[in-house]
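The values are calculated or read from the model by the stated rules, or taken from the named source; none is laboratory data. Only a predicted model underlies this, so the values are computations on that prediction, with no experimental measurement involved. We place every Cβ from the backbone using ideal geometry, glycine too, and count neighbours over all the protein chains shown. The area values use the complete protein model at the heavy-atom level, side chains included, leaving out ligands, DNA and RNA. Shrake-Rupley method; radii C 1.70, N 1.55, O 1.52, S 1.80 Å.
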Amino acid sequence: MADFFSTSVTRAFLQELGELSVFTGRFFSTWWKPRYEWQEFFKQCYVIGYKSLPLVGMTAFIMGLVLTMQLRPSMVRYGVESQIPMIVGIAIVREVGPVLTALIFAGKIGSSIGAELGSMKVTEQIDAMEVSGTNPFKYLVVTRVAAATLMLPILIIIGDAISLYGSYIGVNVKGVTSFQSFWKQVFDNLLFSDVIPAFVKSYFFGFAVGMVGCFKGFYSKKGTEGVGRSANSSVVVSSVIIFIIDLLAVQITDLLGYN
């Protein structure tokens, strides 16, 4: 055991985990203090949220369509084809929609934030902001983390709706189900215990993506290679954290009796 903790890989992991914890603590001790960078915050909401919508929407539509078409043969085999809207609706809202959208979000926004802040670090723009009297942590980190935390749940809601519409199209590829009947089956079988846990954990997903991307970019190493490494590791670490949060959320909701 002592040999395990003495390895360089383990030391590097624990060191980075500690630095990320300190970075997160700095965020919570800074975000509520004036001055508030509202203009930059709304700009990041536009960049992070609105500009991510086409990719999220396209992915969500394909996900709903493919999931339905893949599920149909098994449902037909067991004679429960009519239950496809209910099963797909619950699967998308509870698990597939939030996690897949968060992973797409991590790939697009996590890498973008890591590369942007890494590039600013390499070109010494962050140092220049400190010299000019601007708080770079407040201006760059707090605004991006807050925007990612706020916008991802909204993207997940929109993505779920688009995905369910894709499922409706998939149901009608080899069958006929009215629009009203499809949505009635979906919403009649959805409970608050399905929606609320998925909605709550989406805030944690967004916070994790924003925090990891800012952390990797803010402490990027010198050179263009460091910028690329920051962008790549932002995606990898964010994706792993999303799965860990999802696992913890499942365990918590199970303990609270929501499953």
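Any idea of Leu55's accessible area? Nearest 10 Å², probe 1.4 Å.
So the heavy atoms of Leu55 present about 60 Å² to solvent.
Quick one: divide the alpha-carbon radius of gyration of the chain by 2.2 N^0.38 Å and tell me what you get. Walk me through the numbers on the way to the answer.
Numbers: Rg = 21.2 Å, N = 259, 2.2 N^0.38 = 18.2 Å.
After normalising by residue count via 2.2 N^0.38 Å, the value is 1.16.
Tell me, Kirkwood radius of segment 205-259 from alpha-carbon pair distances, in Å? If you can, show how the numbers build up before the last one.
Working: mean 1/r = 0.0806 Å⁻¹.
One decimal place: 12.4 Å for the Kirkwood radius.
Carbon and sulfur atoms: what percent of the 1.4 Å accessible area of segment 116-179 do they account for?
Working: 1680 of 2700 Å².
The computed percentage sits at 62.
Counting Lys and Arg as +1 and Asp and Glu as -1, what is the net charge of the other residues whose Cβ lies under 13 Å from the Cβ of Ile92?
-2
Using R₀ = 35 Å, calculate the FRET efficiency as 1/(1 + (r/R₀)^6) where r is the Cβ-Cβ separation of Phe187 and Phe42; round to 0.05.
The calculated FRET efficiency here is 0.60.
Which value in nm describes the separation of the simple spin-label points at Asn135 and Phe243, placed 7 Å from the Cα toward the beta carbon?
3.7 nm
Using a simple spin-label model with points 7 Å from Cα along the Cα→Cβ vector, what separation in nm is obtained for Thr123 and Arg35?
If labels sit at Thr123 and Arg35, their model points lie 2.2 nm apart.
Accessible area per residue for the chain in Å², computed with a 1.4 Å probe and the full protein assembly in place, what is it?
Computed with neighbouring chains in place, this is 54 Å² per residue.
I'd like the orientation of helix 8-30 relative to the chain: the angle between its Cα long axis and the longest Cα principal axis, in ° from 0 to 90, rounded to 10.
90 degrees
Over segment 1-92, what lengths in whole Å, largest first, do the semi-axes of the equivalent ellipsoid take, defined as the square roots of 5 times the eigenvalues of the alpha-carbon gyration tensor?
Equivalent-ellipsoid dimensions as semi-axes: 43, 28, 12 Å.
Given segment 60-174 reduced to its alpha-carbon atoms as identical point scatterers, what log10 I(q)/I(0) does the Debye formula return at q = 0.09, 0.13 Å⁻¹?
-0.40, -0.62
Among Val122, Ala106, Val142, which residue has its Cα positioned farthest towards the positive end of the charge dipole of segment 101-160, with +1 placed on the Cβ of Lys and Arg, -1 on the Cβ of Asp and Glu, and the dipole taken about the Cα centre?
It is Ala106, whose Cα lies furthest towards the positive end.
What do you get for Rg/Rh over segment 26-67 if you use C-alpha atoms and the Kirkwood form of Rh?
Rounded to two decimals, Rg over Rh is 1.28.
Per residue, how much space in cubic angstrom lies within the convex hull of the C-alpha atoms of segment 182-234? Provide the component values of the computation, followed by the final result.
On the way: hull volume 4.6 nm³, N = 53.
For segment 182-234, the hull spanned by Cα atoms encloses 86 Å³ per residue.
How many percent of the accessible area of segment 28-111 is carbon or sulfur, using a 1.4 Å probe?
69 percent
Quote the FRET efficiency, to the nearest 0.05, computed for Leu14 versus Asp254 with a Förster distance R0 of 25 Å and r equal to the Cβ-Cβ distance.
Working: r = 30 Å, r/R0 = 1.19.
Efficiency, rounded to the nearest 0.05: 0.25.
Where in segment 1-109 are there trypsin sites (Lys or Arg not before Pro) that are in a DSSP coil and have at most 12 other Cβ atoms within 10 angstrom of their Cβ?
Here the trypsin sites (Lys or Arg not before Pro) that fit, given the DSSP loop and packing criteria, are Arg35.
Could you work out how far the C-alpha centroid of segment 194-259 sits from that of segment 62-83, in angstrom?
31 Å
Using the crude model of +1 on Lys and Arg Cβ and -1 on Asp and Glu Cβ, and no other charge, please compute the dipole size for the chain relative to its Cα centre, in debye to 20.
The calculation lands at about 300 debye.
Give me the angle, in degrees from 0 to 90, between the Cα long axis of helix 53-77 and the longest principal axis of the Cα atoms of the chain, rounded to the nearest 10.
Once rounded, one gets 40 degrees.
When only DSSP loop residues count, what trypsin sites (Lys or Arg not before Pro) in segment 171-255 have their Cβ near at most 16 other Cβ atoms within 10 Å? Don't skip to the answer; put the middle values down first.
Details: sites: Lys174, Lys184, Lys201, Lys216, Lys221, Lys222, Arg229; in loops: Lys174, Lys221, Lys222.
Filter output for segment 171-255: Lys174, Lys221, Lys222.
In straight Cα distance, which lysines are under 26 Å from Lys121, not counting same-chain residues fewer than 8 positions off?
In chain and number order, the partners are Lys33, Lys43, Lys51, Lys108, Lys138, Lys216, Lys221, Lys222.
Along the charge dipole of the chain, which of Pro197, Ile241, Gly166 sits closest to the positive end, that is, farthest toward it, with unit charges on the beta carbon of Lys, Arg, Asp and Glu (+1, +1, -1, -1)?
Checked the options; the winner is Gly166.
Would you kindly compute the Cα radius of gyration of segment 145-259 and its largest Cα-Cα separation (Dmax), both in Å?
Rg and Dmax of segment 145-259, Cα atoms, are 18.7, 59 Å.
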